[in-house]
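Step one of this worksheet: look at the structure below.
The values are calculated or read from the model by the stated rules, or taken from the named source; none is laboratory data. The structure displayed is predicted, hence computed values, not measured ones. With ideal geometry, Cβ positions are generated from the backbone for all residues, glycine too; neighbour counts draw on all protein chains shown. The area values use the complete protein model at the heavy-atom level, side chains included, leaving out ligands, DNA and RNA. Shrake-Rupley method; radii C 1.70, N 1.55, O 1.52, S 1.80 Å.
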Number of protein chains: 2
Amino acid sequence: MRWEVRVELKPGVLDAEAESIAKALSRLGIAGVRRVATARIYDLEFENVTSQEAERLAHDAVDRLLANPVIHRVTVRAAPG
Amino acid sequence: MRWEVRVELKPGVLDAEAESIAKALSRLGIAGVRRVATARIYDLEFENVTSQEAERLAHDAVDRLLANPVIHRVTVRAAPG
């Protein structure tokens, strides 16, 4: 089974990539964009574990590797499809 | 309104970040992970445009800035919530 981890920057933390994209879109003449935000998805596929165990492992991966609680907001969910 | 662009690597394109994460998880003793994949989300918030126009602009942004059709698979959808 697969669990999807979504890592975003917390409100107030500068999203430099998003700022660059917003500027580039404006330069390209793609108007009407009020705000850009980015997020990173980590799709983790588990084998030989229960769904409950997989969810625990996904949260473990977040805490120990994938995110920094000071700057990141994280959501973990069963991957769709 | 907000549109969410999800950019993934096509199957067969090396996902170097995912490989590094898989190795690191194994080193950390987080076992049972068969595969890791990554994706990038761009959340575009539009103003003063219709939903249809916003969708067209989002696809424009993908074609001209956010993705490379040689290596990327892209999905565009109305952002949930």
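Scanning region A:34-56 for residues that are within 7 Å of chain B (Cβ to nearest Cβ) and closer than 21 Å to A:E8 by Cβ turns up A:R34, A:R35, A:V36, A:A37, A:T38, A:A39, A:R40, A:I41, A:Y42, A:D43, A:L44.
Being in contact (Cβ under 8 Å) with a residue 12 or more places away in the chain, more than 7 Å from every other protein chain (Cβ to nearest Cβ), under 23 Å from A:L44 (Cβ atoms) and open to solvent by 40 Å² or more (accessible area, probe 1.4 Å) is true of B:K10.
Name the single residue, out of those in region A:39-81 being of a type in the set (S, T, N, Q) and not in a loop (DSSP other than H, G, I, E, B), that is nearest to the chain's Cα centre (by Cα). Among residues in region A:39-81 that are of a type in the set (S, T, N, Q) and not in a loop (DSSP other than H, G, I, E, B), the one nearest to the chain's Cα centre (by Cα) is A:T75.
From the list B:A78, B:A58, B:A37, the one residue that fits, being open to solvent by less than 50 Å² (accessible area, probe 1.4 Å) and out of contact with any Leu (no Cβ under 7 Å at 6 or more places or on another chain), is B:A37. Taken together, A:A31, A:A61 contain a single residue that is free of Cβ contacts under 8 Å to residues at least 60 places away in the same chain, hydrophobic (A, V, I, L, M, F, W, C), at the interface with another protein chain (Cβ under 9 Å from one of its Cβ atoms) and over 20 Å from B:L66 (Cβ atoms), which is A:A61.
Taken over region B:1-38, the criterion of being of a type outside the set (D, E, K, R) and in a strand (DSSP E or B) is satisfied by B:W3, B:V5, B:V7, B:L9, B:V33, B:V36, B:A37, B:T38.
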